[in-house]
1. Show me the helices (runs of 4 or more DSSP H) entirely contained within segment 201-312 in which 3 or more residues are in contact (Cβ under 8 Å) with a residue 40 or more places away in the chain and among the aliphatic types (A, V, I, L, M).
2. Consider segment 107-126. How many of its residues are under 20 Å from M169 (Cα atoms), surrounded by 13 or more Cβ atoms within 10 Å (Cβ to Cβ) and free of Cβ contacts under 8 Å to residues at least 40 places away in the same chain?
3. State the number of residues belonging to segment 306-329 that are modelled with pLDDT of 90 or more and either buried (at least 17 other Cβ atoms within 10 Å of the Cβ) or hydrophobic (A, V, I, L, M, F, W, C) (or both).
4. Would you mind finding the one in L47, L55, L102, L70 that is in contact (Cβ under 8 Å) with a residue 12 or more places away in the chain, over 30 Å from F185 (Cβ atoms) and in the same structural domain as K158 (by TED's automatic domain parsing)?
5. Does segment 242-253 contain any residue that is at pLDDT below 95 and either of a type in the set (F, W, Y) or under 24 Å from V105 (Cα atoms) (or both)?
6. Looking at the structure I just gave you, is D292 more than 25 Å from V382 (Cα to Cα) and buried (at least 18 other Cβ atoms within 10 Å of the Cβ)?
7. For S282, state whether it is touching a strand residue (DSSP E or B) at 6+ places or on another chain (Cβ under 9 Å) and farther than 20 Å from K383 by Cα.
8. Quick check, is T235 at pLDDT below 95 and either touching a Leu at 6+ places or on another chain (Cβ under 8 Å) or closer than 30 Å to T43 by Cβ (or both)?
Amino acid sequence: MVTNSLVSELEFEKPNGNGSTTYLTHNFHTYPAKFIPQIPRGTILQLTKEGDTILDPFCGCGTTLAEAKLLNRNAIGVDLNPIAVLVSKAKTNKLEKGDIDLTKVLLQNIKSSIANYYDTKTQNGYKIPDFNNRDHWFQQNVLHELGIIKANIMKIPKQKLRDFLFTAMSSIIVIVSNQESDTRFAAIDKQIKPFRTFFEFKKKLDDMSLRVINFSEKASDSSIKVFEGDTRNMTFLEDNSVDHIVTSPPYANTYDYYLYHKFRMYWLDHNVRSVQDNEIGSRDKHSSKKKDIDAFERELSLCLKEMGRVLKPNKYAVIVIGDSVIRGQLISASDLMKKIAPENNFQFVREISYNLKKNSRMFNPKFTNGDKLEHIMFFKNVK
């Protein structure tokens with residue numbers, strides 16, 4: 001039986017540790033503010049047993065889900081962002097050598113089709129998506145190479161393999177676009193040469209192939225389900241159906257996840273506006289639309305209510321969340337969580353806090369300042 005004293009003694013590698021955070025499938029795809037795998041791994045090992053069901057209601061790029069699969073726990077991931085859902089599936093799906101052999105044939109076909117385009121300057125058998133300022137953000141040769149890559153992936157009949165291949169494609173879109181970086185939304189002239197897009201895709205796919213085979217050998221056959229959905233309304237999950245929650249909600253007024261995946265969503269035929277409008281805690285809401293911290297508090301409370309509904313009684317939720325600044329005011333995420341937790345039948349048990357300036361796991365250093373803390377918070381469901 002798990003006790004509060006065990007939680008108080010729980011230890012795992014802290015975010016400033018020297019352990020690798022990109023082993024196996026964990027480096028498949030960049031994702032802003034993803035937490036290190038040692039956090040879910042530590043809580044899953046000490047607070048659950050094999051066969052239990054783990055929930056990450058803000059699953060992002062699937063870090064919790066991959067660790068659950070490696071530890072023979074079933075897992076459920078939920079995220080509004082379709083890119084997060086895609087990557088989470090790819091990171092947790094086991095593939096066979098035969099699947100990897102098919103990717104080699106695919107690469108040959110893609111290279112041949114790209115060569116044909118440059119020889120003939122004609123567009124045959126593929127489409128290029130149309131979106132606002134497309135030609136400002138992508139060179140013409142990049143548009144055609146991405147279009148050819150996408151069309152060839154679409155011919156793959158096996159869904160798991162398609163998810164794997166689209167994750168590889170998604171991971172290179174910012175690299176070959178004119179967007180400066182994953183977390184800086186500014187256009188620069190990268191002078192992408194012909195075939196560069198193909199070779200970036202091939203390089204990524206080669207690395208992912210080695211990693212997914214290794215992951216498939218080590219991972220269990222536990223069930224992993226990923227839902228594109230809203231944590232405020234998880235009607236697709238039954239009451240008292242999960243044994244443990246470990247997650248990291250958005251940090252208020254810190255990121256626009258939709259923005260950093262905007263071009264990926266365009267290329268993979270997803271609705272950018274829907275993600276933008278429904279993100280909680282985004283800069284779009286709190287800086288552009290001037291919503292105050294009360295709006296974030298209400299939305300986060302709705303998430304906690306749903307988390308409490310699906311979590312079994314006396315089980316634990318581990319929530320990683322960071323402080324924020326809204327219109328010059330420092331917002332303590334710890335204080336906020338301690339305020340709304342009891343309203344949703346969660347009892348605060350323990351927290352580990354550290355300075356984001358020294359131990360930041362964020363991509364963008366502008367997020368950090370001397371006062372902001374990040375918190376690993378433990379709550380017990382006492383309904």
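1. 293-310
2. 5
3. 15
4. L102
5. yes
6. No: the conditions fail for D292.
7. no
8. no
The values are calculated or read from the model by the stated rules, or taken from the named source; none is laboratory data. All values derive from a computational prediction rather than experimental measurement. Quick reminder, even Gly has a Cβ in these numbers, built from the backbone with ideal geometry, and neighbours come from all protein chains shown.
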